[in-house]
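Enquirer: Have a look at this one.
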There are 2 protein chains.
Amino acid sequence: MKRPDPVAPSDDASRALAWQLLSEATHAALSWTDPETLTPGISRVAFALDPEAGPLTLISGLAPHTTALRAQPACALMVGEVGDKGDPMTHPRLMLRALAAFVPADDPRRATLRARWLARNPKATVYIDLPDFSFVRLVPQSALLNGGFARAFRLSAADFEA
Amino acid sequence: MKRPDPVAPSDDASRALAWQLLSEATHAALSWTDPETLTPGISRVAFALDPEAGPLTLISGLAPHTTALRAQPACALMVGEVGDKGDPMTHPRLMLRALAAFVPADDPRRATLRARWLARNPKATVYIDLPDFSFVRLVPQSALLNGGFARAFRLSAADFEA
């Protein structure tokens, strides 16, 4: 006998929570595929939910995830902080499958992304214009929202459309 | 001209920091490969550095990462919290490539792992003995320690031997 699916379809409350977790995030855990070994890698990346570009990161060409995303744009990211109290597994987090889309340095939209990024994090001035740094859009494909023990929801790409 | 490697070899201080990050962690971000699509997935998992078994997690058979690790044991995990202050990218974190080794339910060492796990997290009593929950050792293969902006160290499997 097949067990019932433990993951519920998305609803208004789970979409709102997913959006809130993305809006509040300043960093994310990013999962990528190592192009040499085809095994999983993981990194912490800077993160923002840009009002136009959606989930967005700014990464260095010296980082292994940059090489990996250029070779294989399929990736996954997780946002949602663990609080100080209680079982860490009860704090909500969003696991988002995404496709990485590099923003070319000469893309006319880059100036706006850059201005909004610096407004949120002025300290990025030090490195944002270094030639090996790139903005990368993390275009949602699907997601799993875990709102705590045994409270999981499946979201689709459509759930992330503004 | 090839640029110099931005990652330094491990030393006593970086090994000590890696060990400290693992010792303090109660959860980790886990990167795995989806066996159907061969694309990356990510999950938050409970975590402990067991004094005998090393990096250890306790996962549910209902979770997608459990199916994934059974099919493809190569994975990667990240530990290290982001503090309240400053640029989140300046807080140290360890990215560990590992091989997942499931601890069989009838393994004679399971009782000790279980007792130590419950001593650290008594709330796990609720689910630790459910039949689909498994202890999984995350056997270190190599690691990247990021101690803040432009302070990275490469660690080997030998660096994690007690």
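This table checks each residue for (1) over 12 Å from A:Phe135 (Cα atoms); (2) more than 9 Å from chain B (Cβ to nearest Cβ); (3) aromatic (Phe, Trp, Tyr); (4) surrounded by 18 or more Cβ atoms within 10 Å (Cβ to Cβ).
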| residue | (1), (2), (3), (4) |
| --- | --- |
| A:Leu38 | yes, no, no, no |
| A:Ser43 | yes, no, no, yes |
| A:Pro51 | yes, yes, no, no |
| A:Leu56 | no, yes, no, yes |
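Enquirer: Oh, and also: Out of region B:16-36, which residues are among the acidic types (Asp, Glu) and within 7 Å of chain A (Cβ to nearest Cβ)?
Expert: Here is the first cut: in region B:16-36, the ones among the acidic types (Asp, Glu) are B:24, B:34, B:36.
Hits for region B:16-36: nothing passes.
Enquirer: Of the residues that sit in region B:58-88 and are within 30 Å of A:Pro122 (Cβ to Cβ) and surrounded by 22 or more Cβ atoms within 10 Å (Cβ to Cβ), which one is modelled with the lowest pLDDT?
Expert: B:Gly80
Enquirer: A further question on this structure: Go through region A:75-95 and give me each residue that's out of contact with any His (no Cβ under 9 Å at 6 or more places or on another chain), in contact (Cβ under 8 Å) with a residue 60 or more places away in the chain and part of a strand (DSSP E or B).
Expert: Within region A:75-95, A:Leu77, A:Arg93, A:Leu94 qualify.
Enquirer: Further question on the same structure: Exactly one of (1) closer than 25 Å to B:Pro40 by Cβ; (2) more than 14 Å from chain B (Cβ to nearest Cβ); (3) among the small types (Gly, Ala, Ser); (4) surrounded by fewer than 14 Cβ atoms within 10 Å (Cβ to Cβ) is unmet by A:Ala101. Its number?
Expert: Every condition holds for A:Ala101 apart from (4).
Enquirer: A follow-up question, please. Are any of the residues in region A:33-51 of a type in the set (Lys, Arg) and more than 11 Å from the chain's Cα centre (by Cα)?
Expert: Scanning region A:33-51, I find no residue that is of a type in the set (Lys, Arg) and more than 11 Å from the chain's Cα centre (by Cα), so the answer is no.
Table: residues versus (1) in a loop (DSSP other than H, G, I, E, B); (2) out of contact with any strand residue (DSSP E or B) (no Cβ under 6 Å at 6 or more places or on another chain); (3) at pLDDT 95 or above.
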site: A:Arg3; (1), (2), (3): yes, yes, no
site: A:Ala8; (1), (2), (3): no, no, no
site: A:Ser14; (1), (2), (3): no, no, no
site: A:Leu22; (1), (2), (3): no, no, yes
site: A:Leu30; (1), (2), (3): no, no, yes
site: A:Pro35; (1), (2), (3): yes, yes, yes
site: A:Leu38; (1), (2), (3): yes, yes, yes
site: A:Gly41; (1), (2), (3): no, no, yes
site: A:Arg44; (1), (2), (3): no, no, yes
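Enquirer: Something else: Checking B:Ile128 against (1) assigned to a helix (DSSP H, G or I); (2) more than 17 Å from B:Leu30 (Cβ to Cβ); (3) more than 10 Å from every other protein chain (Cβ to nearest Cβ); (4) in contact with a strand residue (DSSP E or B) (Cβ under 8 Å, 6 or more places away or on another chain), which single condition isn't satisfied?
Expert: The number of the failed condition is (1).
Enquirer: Is one or more of the residues making up region A:56-65 in a strand (DSSP E or B), closer than 11 Å to A:Val139 by Cβ and in contact (Cβ under 8 Å) with a residue 60 or more places away in the chain?
Expert: The answer is yes, given that some residue of region A:56-65 is in a strand (DSSP E or B), closer than 11 Å to A:Val139 by Cβ and in contact (Cβ under 8 Å) with a residue 60 or more places away in the chain.
Enquirer: Of the residues B:Arg70, B:Arg151, B:Arg114, only one is within 17 Å of the chain's Cα centre (by Cα) and either farther than 16 Å from B:Leu17 by Cα or within 13 Å of chain A (Cβ to nearest Cβ) (or both); which?
Expert: B:Arg70
The values are calculated or read from the model by the stated rules, or taken from the named source; none is laboratory data. These numbers were taken from a predicted model, which means no experiment stands behind them. Note that each Cβ is placed from the backbone with ideal geometry, even for glycine, and that neighbours are counted across all protein chains shown.
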